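Heads up, the thing below is written out as structure tokens.
The values are calculated or read from the model by the stated rules, or taken from the named source; none is laboratory data. Every value quoted in this text rests on a predicted model; they were computed, and no experiment measured them. Ideal geometry is used to build each Cβ from the backbone, glycine not excepted, and the neighbour counts take in all protein chains shown. The protein model used for the area step is the full one, side chains on, heavy atoms only, and it has no ligands, DNA or RNA in it. Shrake-Rupley method; radii C 1.70, N 1.55, O 1.52, S 1.80 Å.
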Amino acid sequence: MQVRAENISKNYASMAALDDVSLTVQSGELVALLGPSGSGKTTLLRTIAGLETPDSGVVYFNDRDAAESRIQDRGVGFVFQHYALFKHMRVMDNIAFGLRARRKNKPKEADIKNKVMELLDLVQLSGLEKRFPSQLSGGQRQRVALARALAIEPSVLLLDEPFGALDARVRKDLRRWLREIHERTGHTTLFVTHDQEEALELADRVVVMSKGKIEQSATPDEIYDTPATPFVFSFIGESSVIPVVVGNGRATLDERLIDLQVGNLPDGPAQLFLRPEDVAMVTDGGPGIPGLVVSTRRIGGNRRVTMECGLARHRIEFDAPAEVPIANSQRLQVRIIGGRVYGAGEEGYETEKLAASATSDFKWAKAEGWLDR
Amino acid sequence: MSEVKAPAARRQKQAIGEGPLTRAALLGVALVFLGLMLIAPLLVVFVEAFSRGFGVYIDALAMPDTMSALQLTLLVAAIAVPANLVFGVAAAWAIAKFDFKGKSFLLTLIDLPFAVSPVVSGLVFVLLFGANSALGPVLDDMGIKILFAVPGIVIATIFITFPFIARELIPLMQQQGSSEEEAAVSLGAGGWRTFFLVTLPNVKWGLLYGVLLCNARAMGEFGAVSVVSGHIRGMTNTLPLHIEILYNDNKAAAAFAVASLLAMLALITLAVKTLLEARFAGSLAAQRRH
Ligand SMILES: Nc1ncnc2c1ncn2[C@@H]1O[C@H](COP(=O)(O)OP(=O)(O)O)[C@@H](O)[C@H]1O
Ligand SMILES: [Mg+2]
């Protein structure tokens, strides 16, 4: 079943939770809705399920206006953020609820039992069918919620932050397991997350949202490699931002040329977004941007170095091999080998990494003359 | 018990700064007050009821007027409680699960019977249905008698006891939110099915508690019922009205004998309520754990 949301707007007390959002999920596709808290992900998901009525816009299920059918008949499997299991029912009755609620071709009780056992097996909870939700762990409850939604053989599966309330280990396991279930059952699936790692790992396609709008909708590779907006760049992965000046199709930092194509940006101030791998330390004495090391920390086999560079002491981060000794306050040269330049008018995602360096313990005096090399 | 609690008490003393003397005094005041205002009257009811012996007690209860008052009281409760069960659940459901204009006004309205003196409530119905009202002659023509008859007593009782069930359910339903209902609906369940299989089981203990309180008040209501009933012996006297009449006739022992019936009802209600509360607390805790 293809799901298409067209020009959906939804306002809460004059604040736009969704602002003219359009989204298509192809049949059998696994799509992640990614965005920071409050960006409208839940509202969009609930609108598709019919739990929320949009102020304007239409939701189509296979070219049929979903508003024409009742919520009950949409055939949407919804997994709620906090599971919303029926507290007073045993696991088996929770899972059987949708089958028993059927009006047309309601299965026989024996068939319902079989189906429930099948689903319990699928979500790896066999043997727990007699438990009450309060007797299960968070991860187990999550799986009951999924089994309950799958029981009605939904045309679309919608999951709101399915792993949000779980600890990191359980999340990783459940993530892999959800992907397997999707491959086995082939349901059209849309899931919400604020965790970019989860979205990139799990989804066929990632839809990035911010402030009630869709910023980009693309494959995980495209999202990471060619972020359409500064917001997407800074929301996905690690990033540093430094202001640059664009002129003649080239970017300069403090009048030093940076070897980057900037496309067709107009001349004037712009912002250079960098990932750690876009910056390399100069070890051969060649030209580079000088800077001063502020701090270092170990990340796996590498050392993540935070460096201040340029007249305004902008912070950038890059990785250096762990075996290269780098100390705080050490002077370094780096070369920019990647990154993207966006016009100055466009907004990025505020993170602490982008905080002004005025609060740093940088000792300006030590850097005397460092721009002259 | 005080020895067991000693370390905790010492800590408490530090925290609040009260000496053991102050605590003993406070406890004493509370106990004396409780004994004087609650326990003594209750004891007096039973002592007075049996003051002329067991025979008089039984006779007072077996009097035809007592029997008819008991019947009427049970009848009124049997109508008022189910009616308020429906109204209360509907009102609580609407307030807790939906957003609409005038919600806070409706909430205030529900509290009205608590805020208004019962006598005033009774008078309101006299004004509404009385011979001098706009409705009075119309009802008279149709041969419907409301005032000084059973319907009036039922209406006044429903009015007085309306808040008990709604007030019990609203906070409970609000705390539970609507996500379980949303889950049920998205799984294909219709409104009734969702209500009976999901909403109701989640509030059943609170509901039972509300019904008990509502019932106790429905059987014990005096003020409003007194105004609308007309005090016709054997016809429109409920137990509380009957007690007053017996007392005014200088039949104190009989009055207290009938009063002991109501008092026992109150005690049973309290006992059931305590049992429920223990049960209720357990299920609430389980829900919170969830
Ligand atoms: N029922 C509501 N009433 C008022 N504002 C709401 C309501 N639901 C959501 N919002 C607002 O809409 C915006 C989007 O919310 P939501 O869709 O829940 O975001 P997300 O799921 O991405 O965190 C938020 O700013 C939130 O405060
Ligand atoms: Mg959300």
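Summary table
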| item | result |
| --- | --- |
| Total residues in region B:147-184, condition open to solvent by 30 Å² or more (accessible area, probe 1.4 Å) and within 14 Å of another protein chain (Cβ to nearest Cβ) | 5 |
| Failed criterion for A:GLU52 (all others in (1) closer than 20 Å to A:PHE191 by Cα; (2) among the acidic types (Asp, Glu); (3) more than 14 Å from chain B (Cβ to nearest Cβ) hold) | (3) |
| Enumerated helices (runs of 4 or more DSSP H) restricted to region B:149-250, each holding at least 3 residues that are polar (S, T, N, Q) and touching a helix residue (DSSP H, G or I) at 6+ places or on another chain (Cβ under 9 Å) | B:150-176 |
| Lone unmet requirement of (1) on the phi > 0 side of the Ramachandran plot; (2) in contact with a helix residue (DSSP H, G or I) (Cβ under 8 Å, 6 or more places away or on another chain) for A:GLU317 | (1) |
| Count - residues of region A:44-75 that are away from ligand 2 (no atom under 16 Å from the Cβ) and out of contact with any Gly (no Cβ under 7 Å at 6 or more places or on another chain) | 20 |
| Selection within region A:25-40 - open to solvent by less than 20 Å² (accessible area, probe 1.4 Å) and within 15 Å of ligand 2 (Cβ to nearest atom) | A:ALA32, A:LEU33, A:LEU34, A:GLY35, A:SER39, A:GLY40 |
| Selection count, region A:215-226, where residues are among the hydrophobic types (A, V, I, L, M, F, W, C) and surrounded by fewer than 22 Cβ atoms within 10 Å (Cβ to Cβ) | 1 |
| A:GLY127 vs. criteria open to solvent by less than 40 Å² (accessible area, probe 1.4 Å), farther than 13 Å from A:PHE97 by Cα and not hydrophobic (A, V, I, L, M, F, W, C) | no |
| Residue that is at pLDDT 95 or above and surrounded by fewer than 16 Cβ atoms within 10 Å (Cβ to Cβ), where the choices are A:SER22, A:SER69 | A:SER22 |
| Meets criteria (touching a Phe, Trp or Tyr at 6+ places or on another chain (Cβ under 6 Å) and of a type outside the set (A, V, I, L, M, F, W, C)) for A:ASN94 | yes |
| Matching entry among A:ARG102, A:ARG90, A:ARG4 (being open to solvent by 40 Å² or more (accessible area, probe 1.4 Å) and either under 30 Å from A:GLU197 (Cβ atoms) or within 14 Å of ligand 1 (Cβ to nearest atom) (or both)) | A:ARG4 |
| Strands (runs of 3 or more DSSP E) completely within region A:1-101 that count 1 or more residues being closer than 14 Å to B:SER186 by Cα and touching a residue at least 12 places away in the same chain (Cβ under 8 Å) | A:76-79 |
| In region A:302-320, the residues that are open to solvent by 60 Å² or more (accessible area, probe 1.4 Å) and at pLDDT 85 or above | A:ASN302, A:ARG315 |
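A quick yes/no check of all residues on (1) more than 30 Å from A:ALA199 (Cα to Cα); (2) within 27 Å of the chain's Cα centre (by Cα):
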| site | (1), (2) |
| --- | --- |
| A:MET209 | no, yes |
| A:GLY212 | no, yes |
| A:PRO220 | no, yes |
| A:PRO230 | no, yes |
| A:GLY237 | no, yes |
| A:SER240 | no, yes |
| A:ARG256 | yes, no |
| A:LEU260 | no, no |
